[in-house]
1. Go through the range 128-158 and report how many residues are acidic (Asp, Glu), crowded, with 18+ Cβ neighbours inside 10 Å and either within 19 Å of Ile181 (Cα to Cα) or without any contact (Cβ under 8 Å) to a residue 60 or more places away in the chain (or both).
2. Of the numbered conditions (1) part of a loop (DSSP other than H, G, I, E, B); (2) at pLDDT below 95; (3) of a type outside the set (Phe, Trp, Tyr); (4) out of contact with any His (no Cβ under 7 Å at 6 or more places or on another chain), Ser73 fails exactly one; give the number of that condition.
3. How do the pairs read when you match residues in the range 247-275 that are surrounded by 20 or more Cβ atoms within 10 Å (Cβ to Cβ) with residues anywhere that are at pLDDT below 85 and charged (D, E, K, R), using Cβ under 7 Å and keeping only pairs 6 or more apart or on different chains?
4. Do any residues in the range 173-191 that are β-branched (Val, Ile, Thr) have Cβ atoms under 6 Å from those of residues that are in a loop (DSSP other than H, G, I, E, B) and buried (at least 22 other Cβ atoms within 10 Å of the Cβ), where the two are at least six apart or on different chains, and which pairs are they?
5. In this structure, does Gln93 turn out to be touching a Gly at 6+ places or on another chain (Cβ under 9 Å), touching a residue at least 40 places away in the same chain (Cβ under 8 Å) and surrounded by fewer than 24 Cβ atoms within 10 Å (Cβ to Cβ)?
6. I'd like to check something: does the range 163-181 contain any residue that is closer than 28 Å to Glu227 by Cβ, assigned to a loop (DSSP other than H, G, I, E, B) and among the charged types (D, E, K, R)?
7. State whether the residues of the range 120-127 include one that is modelled with pLDDT of 95 or more and touching an Asp or Glu at 6+ places or on another chain (Cβ under 8 Å).
8. Looking only at residues that are in contact with a Ser or Thr (Cβ under 7 Å, 6 or more places away or on another chain) and assigned to a loop (DSSP other than H, G, I, E, B) in the range 191-205, which one is farthest from Leu161 (Cα to Cα)?
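The values are calculated or read from the model by the stated rules, or taken from the named source; none is laboratory data. Everything quoted here is computed from the prediction, not taken from an experiment. Cβ atoms come from the backbone with ideal geometry, glycine included; neighbour counts cover every protein chain shown.
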Amino acid sequence: MKHLRIDFNENCWLDCYIHESYEWDITGKVNKSHPAIIVYPGGGYLSISCSEAEPVALTFLQEGFSTFVLNYSCDQNCLWPLALHEVLWAIWQVRKNSKEWYINPNAIAVMGFSAGGGMAAIAATQWNTEGTDKILNAPNLEALRPDACVLGYGDFDATNLISSGFLTPDAYGKAPSEGDIHFDPVKFIGKHTPPTFIWHGRRDDAVPSYITMDYVKRLEEFDISYELHVFDFAGHAMTVFNRTTDSDNFDMRKFRNVSKWTKMASNWLMNTFGY
């Protein structure tokens, strides 16, 4: 495995966990390129959640993906359009270096949790924003498109959560709390949105599961391929729910089903990418 870091600016960088090329394996199959996952941790747009960063990358690394964690700008620096440029810059870095890093350029997924789920959904729904390719020195907008999306208990409609009184403005960074519609990616779903794997806990008291159901309803309207899982009993910030995270704080027996989402998402991605 190769581990490196690439900086976008002083507040944003990409941690890379890259598989080497394998000329053969025990079955004799040649596998020279890998699918990739770019992880966007949560943290309310105010900070980066450690339990939704490297533990996620390492969990999916062992499933055969090269993985990347975007430490995006937070709080006063999490503003539009910089937020869009950062999430799409990560995709372009992976695609641009795909040959050198032995990555399939047509098998790049974004994955996010909570506020990071919102950031991943921004990438999935607003990658086609006119002019962004020129700003990022990409050849065209298609070079910025994620090929699939995995969303865990994501914040897809900050305006809804604040206006309904479910969350207060101080629960978010500056742009979402001021009602910037771009941080409501549910409103930007269209035919351009990639296939999506989406999961949530039904007892989530930070981002209610109806936010995910509203997102899925929009996917249905545009006939976007998706897989949905809602786990009863589960709450917020359960991340990959294995020993690399703080899941010891939870009753493992009560939430044992939650840990299965990583294998289900991995299988779904491999099927989606044709592996």
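1. Initially, the range 128-158 is screened for residues acidic (Asp, Glu), giving 130, 133, 142, 147, 155, 157.
Those left that are additionally crowded, with 18+ Cβ neighbours inside 10 Å: 133, 147, 155, 157.
Restricting the remaining residues to those that are either within 19 Å of Ile181 (Cα to Cα) or without any contact (Cβ under 8 Å) to a residue 60 or more places away in the chain (or both) gives 133, 155, 157.
So the answer is 3.
2. (2)
3. Close Cβ pairs satisfying both conditions: none exist.
4. Partner pairs satisfying both residue conditions: Val186/Phe156; Val186/Asp157.
5. Working: touching a Gly at 6+ places or on another chain (Cβ under 9 Å): no; touching a residue at least 40 places away in the same chain (Cβ under 8 Å): yes; surrounded by fewer than 24 Cβ atoms within 10 Å (Cβ to Cβ): yes.
So Gln93 does not fit the description; no.
6. There is no residue in the range 163-181 that is closer than 28 Å to Glu227 by Cβ, assigned to a loop (DSSP other than H, G, I, E, B) and among the charged types (D, E, K, R).
7. Step one: filter the range 120-127 for residues modelled with pLDDT of 95 or more, giving 120-127.
Subset that is touching an Asp or Glu at 6+ places or on another chain (Cβ under 8 Å): none.
Among the residues of the range 120-127, not one is modelled with pLDDT of 95 or more and touching an Asp or Glu at 6+ places or on another chain (Cβ under 8 Å), which makes the answer no.
8. Pro195
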